[in-house]
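Data block below; observations after.
Readers should treat all values here as calculations from the given coordinates under stated rules, not as data from a laboratory. This is a predicted model, so every value here is computed, not measured. Neighbour counts are summed over all protein chains in view; Cβ atoms, including those assigned to glycine, are modelled from backbone coordinates with ideal geometry.
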Amino acid sequence: MSIPMEAHERTPETRVPRASPPMNDPAARATQIADATPAPNVAPAPAALFAAGVGEKMRATDLNFFYGKAQALYNISIRIPTNHVTAFIGPSGCGKSTFLRTLNRMCDTVKGTRVEGDVQLDGEDVFGLDVTSVRRRVGMVFQRSNPFPKSIFDNVAYGLRVNGGLSRAEVAERVERSLVRSALWDEVKHKLHESAYGLSGGQQQRLCIARALAVDPEVLLLDEPCSALDPISTSKIEELLLTLADSCTIVIVTHNMQQAARVSDYTGFFLMGKLVEFDKTEQIFQAPSRKETEDYVTGRFG
Ligand SMILES: Nc1ncnc2c1ncn2[C@@H]1O[C@H](COP(=O)(O)OP(=O)(O)OP(=O)(O)O)[C@@H](O)[C@H]1O
Ligand SMILES: [Mg+2]
């Protein structure tokens, strides 16, 4: 598949120069590094970036995002590979969640926001599609698990019932399949009709993944899904992501660098609302082409 080369980001022409911050403040140092280094205009050639046969599931082009007058994203351009895991890393406040939310139009739910640019799902403009169908095709799991005050079964069945068209037996079959896929079935199969609130934090997060999977999304967005979990629950979710990527395109935001390295095929590094670098994960962690990326992944700031 031939995809033309394109810049990943450009410096906004309207940026105001800042005074030099003290170097002993990590956040200030990040700011200084970002300001001192011109934005890259040449991204790795996608032909080299995407292995042969890897398709493009989503694409953002020149995406800018504003909360009122405050700009949170600057000219983000990226292609998300089909049925692979893409990780977004970067310091707090750099726009990872904001960008994730533009991919399934969850950003529409925040008042006073504005999006410029283009987001495509299989070549279709997501802002031109019916929002419900976008969210069905592009599911989302949040940092804090948010089960509904319902039974385990009803949580997973929720989206299926909203969409309608399935018999009770079909719903039950899809609920079971989703719980198996989210590696929770064995732990809950004997108590499907008990409250979801009786589950542990890690189980609740896997339940939310099962709920998202039940409607068979093509893309699953996960915003720091393991940040509140213990190492065992975290590793269960990581294993799950690796398995899910056979049939679903996964995009995960994480602050855990080891997690990005373990689970993702491609990694994007965000800094101050810009996508500084996007490449194969091993490249980002072993030989990043941008100094800011290297400083971040080696723990020099952030
Ligand atoms: N609802 C909102 N209203 C106004 N500004 C917001 C809102 N949500 C985020 N922002 C601002 O947008 C910028 C990007 O925030 P975002 O939450 O996307 O960052 P993040 O990279 O996900 O950070 P973290 O790692 O802390 O989750 C920040 O400056 C933040 O203050
Ligand atoms: Mg966030």
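Here the peptides 228-236, 92-100 are ranked by packing, the mean other Cβ count within 10 Å, and the order with the highest first is 92-100, 228-236.
Tell me which trypsin sites (Lys or Arg not before Pro) from segment 129-222 have a DSSP coil assignment and no more than 15 other beta carbons within 10 Å of their own. In loop regions of segment 129-222 (DSSP not H, G, I, E or B), the sparsely surrounded trypsin sites (Lys or Arg not before Pro) are Arg144, Lys150, Lys189, Lys191. In this calculation the C-beta distance from Thr243 to Tyr67 is compared with R0 = 22 Å, giving a FRET efficiency of 0.05. Net charge of the neighbourhood of Ala169, taken over other residues with C-beta under 14 Å away and scored Lys/Arg +1, Asp/Glu -1, is +1. Loop-resident GluC sites (Glu not before Pro) (DSSP state other than H, G, I, E or B) in segment 126-233 with no more than 16 further Cβ atoms inside 10 Å of their Cβ: Glu194.
Dipole of segment 65-131 computed with +1 at Lys/Arg Cβ and -1 at Asp/Glu Cβ about the Cα centre; of Pro91, Cys107, Gly123, farthest Cα towards the positive end is Pro91. For the pair segment 190-256 and segment 85-117, the centres of their Cα atoms are 20 angstrom apart.
Toward the positive end of the charge dipole of segment 137-287, with +1 on the Cβ of Lys and Arg and -1 on the Cβ of Asp and Glu, the farthest Cα among Met140, Val215, Ala157 is that of Ala157. What is the antiparallel percent of DSSP beta bridges lying wholly in segment 116-270, to the nearest 5? Beta bridges within segment 116-270, antiparallel portion: roughly 25 percent. Only Cα sites of segment 204-296 enter the Debye sum here, all with the same form factor; the resulting log10 I(q)/I(0) across q = 0.10, 0.18, 0.23 1/Å is -0.28, -0.85, -1.21, listed in q order. For Lys274, a cut-off of 20 angstrom between C-alpha atoms picks up these lysines, skipping any fewer than 8 places away in its own chain: Lys69, Lys96, Lys291. Counting Lys and Arg as +1 and Asp and Glu as -1 over every other residue whose Cβ lies under 11 Å from the Cβ of Gln286, the net charge comes to -2.
Calculated translational diffusion coefficient of segment 110-226 (4 °C, 1.567 mPa s; Stokes-Einstein with Kirkwood radius over alpha-carbon pairs) equals 85 µm²/s. The residues neighbouring Ser195, those whose beta-carbon lies less than 12 Å from its own, together hold a net charge of 0 under the Lys/Arg +1, Asp/Glu -1 convention.
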